[in-house]
Every structure is written in C-alpha cells, then in structure tokens.
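As structure tokens, the structure follows; a few thoughts come after it.
The values are calculated or read from the model by the stated rules, or taken from the named source; none is laboratory data. The structure displayed is predicted, hence computed values, not measured ones. All Cβ positions, even for glycine, are placed from backbone atoms using ideal geometry, and neighbour counts span all protein chains on display.
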C-alpha cells in the first residue's frame, strides 16, 4: 500500500513538473495576435501617400502572415514563429497631416485599441507629437519616412527610424554638386532655398543653409512659405531676381505641383533643381506634371531602376501592384515596407509583445543588405534610434520617369544639365 502511494505521488509530481515546463517553454502569444497601430494621412492633399503606405503594409502582412516563401525576414512560413505562429493585425488611423490629431490618435491606439507598437506617420510634425505619446507611455514607435533630423536628437528611448533624415539626404545633394562640377568642368556658385513652413521644411532649410556655407556656395535666397498656399507668385518672383545656380526646394505634393506650374507661368528657368524628396517623388506629382517637371532632381532612398541589383524589388513591386490598381511602388511606400518588416521582425525576435522586450529587440536589429529592397548597407540602429545603414541616392525625371543618377556607381542614366528652358520645351 505504502509503495503504491509512493509511486502514485511520484507520478503526480512528474505530471505537475511536466505541466510547469510546458507552460514555461510554450510560445508567449500562442493564442493571441500582434496588433500594430498605423498612422498615415489618408485624406487631404497627400492622401495618395498614405494610401500607398497602407497598401504596402498590407503586402508586408501577406508575407508575414502567410507562407509566401521570399528570402527576407519572415518571408518563409506563416505567422511569427517565436510567438507560436501568431498573426499580425493593423489598426489604421487617418491623422490628416494634423499634429494634434496624430497625438490624439496615438493615445487612442495605445489606450483603447491596445496596440503593441505604433508605426508611421510620414509628416515629421505628426511623427513628433505621436512619438511624444509613445515615449510617455512606453510603447515602441517605428518611423519609416519622416526626415526631420531633430526627431532622433531628443534623447527618446522608444523611437526608432529606419530611413535617412534630411542631414543624410542633403549631404548627398551637396556631394553630387561637388562631383558633378568635377565631371563636367563647371562651377556652381550659388543656391536658393525654398521651403514649406512645417517641421520638415524648416529643418531641411536649416541643414541646407549650413551645408551650403560649408561647401562654399552662396545662399542668395532662403524663402519659407505657408504649406498648402494657393499662390507662389511672390516667391517665384524673388527666386527669379536671386537667379541662383541651383534651386533647393523642400515641399509636399500640392506645393510641388504649384511650384512647377507657377515657374512655367512666370517663365522661371533654374538651371538645376535638387529637391528634398516629399512632393517630387509622389507618383501623383509625376503623373500630373509629366514632362513639365523634366530635369528635376530629387533625393531618395529607393529607386525602381535598381531592380537589376536588388532582386527583391520586382517581387515586392508585383505584389504591391495587385493591391494598388497597377501603381508601382515608390519612395515612401518602399520605405514603409522596409520599416514595417523591421518592426515585426523585432517583435518576432523578442518572442513577446511586452514593450520592453520589443524595444530591446529593436536595439539589437541587424538586417543585412540582401534582405532589403533599399540600396542600404542594412538596418541597425545607433544609440539615438537612427538606422546607421542608410544610403541616399539622387534621381532625375527624364522622359516622364525617374532614373538614378547618383552615386555614380549606382547610376542608370547620365544627369541632364541644364534643365531646358520653358521656351525650348515642346
């Protein structure tokens, strides 16, 4: 009897230990989903940017949640393996480009939607307010497309950015000018800076002004204007008078369209335009302006014409086209795709939806170049949360499409210079 009781006690004890071990080794989120709050402008003058960003996030979700078999993080198998195959769900909000709305929506996503991380928000000014909420509430926010350098200079611990900022981009612009001068045997003497007045434009203008002086170019005009203005006649008049060798605009889509149309109406003919991205790489701008924007150069972190060197580009682009009605992936959508994959990869490596675990995994991120559609050396964050593997390129509109012209080893076209005058265009 005693012996029987002893064996029964051993059996029960072993079963209890086995149960404890099973609980300890079971995936942390086997029966739950990972929820990410996605903030973008879905209405207003740059709505297409937000629509494209959300569509490319849905492409990323397809790759993550299903077994698509692509050579990239989470491209093989369904769901997050370190979380028991958990699927990822997004909650999309429209911040309309308004910083106060972005702040309120970030709070709602965290407190009501119970998201495990935030992603967005394109406008630097909105990213600024939303990230303040994330910092205060201890929730990771990954930004893929806001370029204000100040965003990673605030000492935040919960903010991460995969994309280059305006400091990286502007440096590439001035390096191009220097190298182009040597190649063509010419000399740029002066620049004019035109910027919209939100955080994006103001920070961009500040960086460009500092770099122009460092590189020895005279800043003959520095003209801010209210974003969304209905007239740029006065500003174009001042630019004509200044007659700079290079125009450096920093502005969003509707302003870029207005600038081009006003320049044509007032016969303003800069020899070179090197834009700070934003409106100039929006497919809507290219579609509406076409050859009227011929010769415009813009900085970018991505180019479709690099597909021969980045085999993942056509794969992701075809998936995107099915969701977007035939539209090609472009600058912002490519950055959004890369940023979202980076965030979810970190959540998977964390093996948990605990914010501190995700934060730690983000800090340990080290994605190689061959797993990206971007021309970067990889994704790895420095102590400020800025991706140290970024690389900026320059593209130029030629024949109604953008082509890479810089760095020279990545160039697919020679740079067109000077831009044909309006009187010379058909």
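Please go through (1) more than 23 Å from residue 123 (Cβ to Cβ); (2) touching a helix residue (DSSP H, G or I) at 6+ places or on another chain (Cβ under 7 Å); (3) not in a helix (DSSP H, G or I) for residue 69 and return the number of the only condition it doesn't satisfy.
The failed condition is (2).
Could you pull out every one of the helices (runs of 4 or more DSSP H) wholly within the range 229-318 that has 2 or more residues that are at pLDDT 95 or above and under 22 Å from residue 403 (Cα atoms)? Break it down stepwise before answering.
Details: elements: 233-242, 253-265, 283-289.
Qualifying helices (runs of 4 or more DSSP H): 253-265.
Give the range 73-93 a look and list any residue that's within 19 Å of the chain's Cα centre (by Cα) and crowded, with 21+ Cβ neighbours inside 10 Å, or say none.
Scanning the range 73-93 gives 73, 93.
Looking at the range 294-323 only, could you name the residues that are closer than 20 Å to residue 92 by Cα and within 18 Å of the chain's Cα centre (by Cα)?
320
Taking residue 291 as the residue in question, decide whether it is surrounded by fewer than 18 Cβ atoms within 10 Å (Cβ to Cβ), in contact with a helix residue (DSSP H, G or I) (Cβ under 6 Å, 6 or more places away or on another chain) and touching a residue at least 60 places away in the same chain (Cβ under 8 Å). Please lay out each step first, then the result.
Values: surrounded by fewer than 18 Cβ atoms within 10 Å (Cβ to Cβ): yes; in contact with a helix residue (DSSP H, G or I) (Cβ under 6 Å, 6 or more places away or on another chain): no; touching a residue at least 60 places away in the same chain (Cβ under 8 Å): yes.
In short, no.
Only one of 31, 43 is at pLDDT 95 or above and either not assigned by TED's automatic domain parsing to the domain that holds residue 368 or not in a strand (DSSP E or B) (or both); which?
Working: 31 fails: at pLDDT 95 or above.
Selected residue: 43, the only one of 31, 43 that is at pLDDT 95 or above and either not assigned by TED's automatic domain parsing to the domain that holds residue 368 or not in a strand (DSSP E or B) (or both).
Looking at the range 79-167, what strands (runs of 3 or more DSSP E) fall wholly within it and have at least 1 residues that are in the same structural domain as residue 50 (by TED's automatic domain parsing) and over 30 Å from residue 67 (Cβ atoms)? Before you say what the answer is, go through the steps one by one.
Details: elements: 88-94, 117-120, 141-143, 159-161.
Result: 88-94, 159-161.
In this structure, does residue 331 turn out to be in contact (Cβ under 8 Å) with a residue 24 or more places away in the chain and either farther than 23 Å from residue 50 by Cβ or surrounded by fewer than 24 Cβ atoms within 10 Å (Cβ to Cβ) (or both)?
Criteria not met by residue 331.
Considering only the range 319-335, how many residues are more than 20 Å from residue 145 (Cα to Cα) and in a helix (DSSP H, G or I)?
Step one: filter the range 319-335 for residues more than 20 Å from residue 145 (Cα to Cα), giving 319, 321-323, 325-326.
Checking which are in a helix (DSSP H, G or I) leaves us with 319, 321-323.
Within the range 319-335, residues that are more than 20 Å from residue 145 (Cα to Cα) and in a helix (DSSP H, G or I) number 4.
Go through (1) under 23 Å from residue 51 (Cβ atoms); (2) under 14 Å from the mean Cα position of the chain (by Cα) and name the single condition residue 149 misses.
So the condition that residue 149 fails would be (1).
Can you tell me which of (1) modelled with pLDDT of 95 or more; (2) surrounded by 23 or more Cβ atoms within 10 Å (Cβ to Cβ) is the one residue 155 doesn't meet?
Condition (2) is where residue 155 drops out.
Being under 13 Å from residue 160 (Cβ atoms) and within 14 Å of the chain's Cα centre (by Cα) is the requirement here; does residue 343 meet it?
On the way: under 13 Å from residue 160 (Cβ atoms): yes; within 14 Å of the chain's Cα centre (by Cα): yes.
Criteria met by residue 343.
I'm checking my understanding of the structure. Among residues of the range 173-227 that are in a helix (DSSP H, G or I), in contact (Cβ under 8 Å) with a residue 40 or more places away in the chain and touching a strand residue (DSSP E or B) at 6+ places or on another chain (Cβ under 6 Å), which one is surrounded by the fewest Cβ atoms within 10 Å (Cβ to Cβ)?
Among them, the one singled out is 176.
What tally of residues in the range 253-274 results from selecting those that are within 17 Å of residue 124 (Cα to Cα) and in contact with a strand residue (DSSP E or B) (Cβ under 6 Å, 6 or more places away or on another chain)?
Of the residues in the range 253-274, 1 are within 17 Å of residue 124 (Cα to Cα) and in contact with a strand residue (DSSP E or B) (Cβ under 6 Å, 6 or more places away or on another chain).
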